[in-house]
Amino acid sequence: MSISPIDFYRTLSESNVEFFTGVPDSLLKEFCLCIDKSVPPNMHVITANEGNAIALASGFSIAKQSIPLVYMQNSGFGNAINPLLSLCNSDVYSIPLLLMIGWRGEPGIKDEPQHMVQGKVQIKLMELMQIPYEIISGDDKNYSKKISNLIKIAKRDSKPVALLIKKGTFSKHKSRNIQSDNSLMMREEVLEIILDLIDKNTIVVSTTGKTSREIFEIRQRNSQSHERDFLTVGSMGHCSSIAMGIALAKPKRKVLCIDGDGAMLMHLGALTSLKDLNPKNFKHILLNNEAHESVGGQHTAAKNIDLNDVMKSFGVVDTYQVKTKFDLEQSFLEFMEDSGPSFMEVKINIGSRKDLGRPNISPKENKKNFEKFLNN
């Protein structure tokens, strides 16, 4: 059993929910695809992070005096906590919102390590924050009533309320027509080239999602150790800060941060420290497919921004933009040998192997082995 995304949307529409914003989530993928096709473009805004979405929805709520919906994965709920408590809370501005949260790591449901802690404490967090909530699953026949009751509470008490969405709640919706560019390399091909070109002392920090999964499998195929790579399996948007911290602590070692566009934009402000810190050993590669690939292929704002110009304004002297294997191989070593922090944007095609696996070592094992490599 599962709920039709269009029926769910119609229920929200009947309750006068007209504005939708948030960060795409795998559990909400089908619903988000439905929203894309059901509302005007200016009524559905994909934000850089969940806190942005709360603030954006708050502005709409204040101006329109209606209840907007903010969607997110519960792993991103942390980004939303500050504006929920210091902006929307009943003791501050008292702003009514409807949150829609994908429940990764639900107790009793198998999931990845980075989701288990968040899933375990999700209900406690909402109770501590005094956010009324309802849990929705695929076989829920009363979801319409739950939505209606929550919206009544939001209006009556002028406060945020939440729908906690279980895995498998939504049935398939017609997929987005993703435009691929076969002239561009796939991410895994780029990673194979990079890992082949770096020397054995280079420290690698990779972003969450498929990038780290592909790096793990490339090392496996090449019978290489995983000790050189810090695979950031959670904490979306923070791998550049992790890499910068390592670069400051190990100034004589080159640190290669391998980032994604959605992740980089999520906490772009972290990179403003580059100008003051000037970590000469910090090398930042962006694999840019302009999409939230694994959660539906929604566009990121990277399609509208010249990120090379942005990075120059942050203090990076040397920037590169490559699209072909030849260009990557020709410019990579120069990029790595630059005398200051450097940035390379690699435009890539969207997509990955269907049989892509996940690391078979735990995050703790990864960290322990990585620490030994750092201190060699």
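Between 147, 165, 151, 178, the distinction of being farther than 30 Å from residue 246 by Cα and modelled with pLDDT under 95 belongs to 178 only. Checking the structure you have, find out if any residue of region 89-102 is assigned to a helix (DSSP H, G or I), of a type in the set (D, E, K, R) and open to solvent by 50 Å² or more (accessible area, probe 1.4 Å). No, every residue in region 89-102 fails to be assigned to a helix (DSSP H, G or I), of a type in the set (D, E, K, R) and open to solvent by 50 Å² or more (accessible area, probe 1.4 Å).
Residue-level analysis places residue 309 outside the set of residues that are assigned to a loop (DSSP other than H, G, I, E, B) and either open to solvent by 40 Å² or more (accessible area, probe 1.4 Å) or touching a helix residue (DSSP H, G or I) at 6+ places or on another chain (Cβ under 6 Å) (or both). When region 344-362 is limited to residues that are of a type in the set (D, E, K, R) and open to solvent by 20 Å² or more (accessible area, probe 1.4 Å), the one that is modelled with the highest pLDDT turns out to be 347. Of a type in the set (S, T, N, Q) and touching a residue at least 24 places away in the same chain (Cβ under 8 Å): is that true of residue 321 in this structure? For residue 321, the condition - of a type in the set (S, T, N, Q) and touching a residue at least 24 places away in the same chain (Cβ under 8 Å) - is met. The single condition from (1) over 30 Å from residue 30 (Cα atoms); (2) open to solvent by less than 50 Å² (accessible area, probe 1.4 Å); (3) not hydrophobic (A, V, I, L, M, F, W, C) that residue 318 fails is (2). Condition check: out of contact with any Phe, Trp or Tyr (no Cβ under 7 Å at 6 or more places or on another chain), closer than 19 Å to residue 49 by Cα and open to solvent by 70 Å² or more (accessible area, probe 1.4 Å). Does residue 303 satisfy that? So residue 303 fits the description; yes. When each of 145, 155, 64 is tested for being more than 25 Å from the chain's Cα centre (by Cα), free of Cβ contacts under 8 Å to residues at least 24 places away in the same chain and under 23 Å from residue 11 (Cβ atoms), the lone residue that passes is 145.
Consider region 268-281. How many of its residues are assigned to a helix (DSSP H, G or I) and more than 20 Å from the chain's Cα centre (by Cα)?
Narrowing region 268-281 to residues assigned to a helix (DSSP H, G or I): 268-277.
Okay, now just the ones that are also more than 20 Å from the chain's Cα centre (by Cα), so 273-277.
Residues that pass the stated criteria total 5.
In the condition set (1) open to solvent by less than 30 Å² (accessible area, probe 1.4 Å); (2) out of contact with any Pro (no Cβ under 8 Å at 6 or more places or on another chain); (3) in contact (Cβ under 8 Å) with a residue 40 or more places away in the chain; (4) polar (S, T, N, Q), residue 331 is compliant with all but (3). Test residue 367 against the criterion of being within 28 Å of residue 276 (Cα to Cα), assigned to a helix (DSSP H, G or I) and among the basic types (Lys, Arg), and give yes or no. No. Scanning region 106-125 for residues that are open to solvent by 50 Å² or more (accessible area, probe 1.4 Å) and assigned to a helix (DSSP H, G or I) gives 113, 114, 116, 117, 120, 121, 124. Take residue 295 and tell me if it is β-branched (Val, Ile, Thr), crowded, with 16+ Cβ neighbours inside 10 Å and more than 14 Å from the chain's Cα centre (by Cα). Taking the combined requirement at face value, the residue does not satisfy it. Looking across region 320-341 at every residue that is touching a Ser or Thr at 6+ places or on another chain (Cβ under 7 Å) and not in a helix (DSSP H, G or I), the one that is nearest to residue 290 (Cα to Cα) is identified as 322.
The values are calculated or read from the model by the stated rules, or taken from the named source; none is laboratory data. All values reported here derive from a predicted model rather than from experimental measurement. Neighbour counts are summed over all protein chains in view; Cβ atoms, including those assigned to glycine, are modelled from backbone coordinates with ideal geometry. Accessible surface is based on the protein model in full, side chains and every heavy atom, while ligands, DNA and RNA are left aside. Shrake-Rupley method; radii C 1.70, N 1.55, O 1.52, S 1.80 Å.
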